[in-house]
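Structure first, then comments.
The values are calculated or read from the model by the stated rules, or taken from the named source; none is laboratory data. These numbers were taken from a predicted model, which means no experiment stands behind them. Cβ coordinates were reconstructed from backbone atoms using ideal geometry, including for glycine residues, and neighbour counts include every protein chain displayed.
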Amino acid sequence: MNERVQQTTSGDEIRIIDEPFESALAENITSAFERESWHFGWASNSSDTYRFWHIDLDQSEFSKHPSCKPATDAWDSLKSGKLKGHSLLRTYANAHIYGGEGYVHVDGNGADGYFSSVYFCHREWQVGWSGELVFFTQDRSEIEIAVVPKPHRLIIFPGKIPHAIRPPSRSCTMLRMSLVFKSLLQVGVEGLPQSQ
């Protein structure tokens, strides 16, 4: 596991962790989402005009969903380690292909203590395929940090940081797949970091 922290100009930390899960779990996650029947047409919110491939893992049939076990195992690993003290709010997976635009947004209405964790579960990625997760200044006028969607890379960040994905390039022949956990940090619990 290799971890680095990048700080935005507003002082928020973006944690980038390569290979956060044991290899067997990482393979189970990738295999599960490669076999999935993705659904096209998802939008992040009702005013969003951009659509992409999506699997909602919060539905009432969650326990019967084929990707539930690997996603649950991933969350169990995170909540006992990198996301200790977090409560899970939502889990889903997204996939993007060439032409699948993203837009600049914040998660959780920009609330303190709301975190997004994005795990790239595709098997291969080349830098020339683009698809970066980009983070912007608070006024959304400049890109501060861009993170390549390297396979088996986890990015943990406060949802209040404006961010977007860049679409994969025309030369990309793979789905850009990500497993996403939305969580809330329990502020004030002894031994846990405080919300920024």
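Scanning the range 170-180 finds no residues that are among the small types (G, A, S), free of Cβ contacts under 8 Å to residues at least 40 places away in the same chain and under 24 Å from A26 (Cβ atoms).
For every residue, the table says whether it meets (1) loosely packed, with under 12 Cβ neighbours inside 10 Å; (2) at pLDDT 80 or above; (3) out of contact with any Gly (no Cβ under 9 Å at 6 or more places or on another chain).
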residue: Q7; (1), (2), (3): yes, yes, yes
residue: S10; (1), (2), (3): no, yes, yes
residue: I14; (1), (2), (3): no, yes, yes
residue: D18; (1), (2), (3): no, yes, yes
residue: W42; (1), (2), (3): no, no, yes
residue: T49; (1), (2), (3): yes, no, yes
residue: F52; (1), (2), (3): no, no, no
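With respect to H96, is the statement that it is farther than 18 Å from L78 by Cβ, modelled with pLDDT of 95 or more and either buried (at least 21 other Cβ atoms within 10 Å of the Cβ) or under 13 Å from the mean Cα position of the chain (by Cα) (or both) true? So H96 does not fit the description; no.
Among the numbered conditions (1) modelled with pLDDT of 95 or more; (2) within 22 Å of F40 (Cα to Cα), the only one that I165 does not meet is (1).
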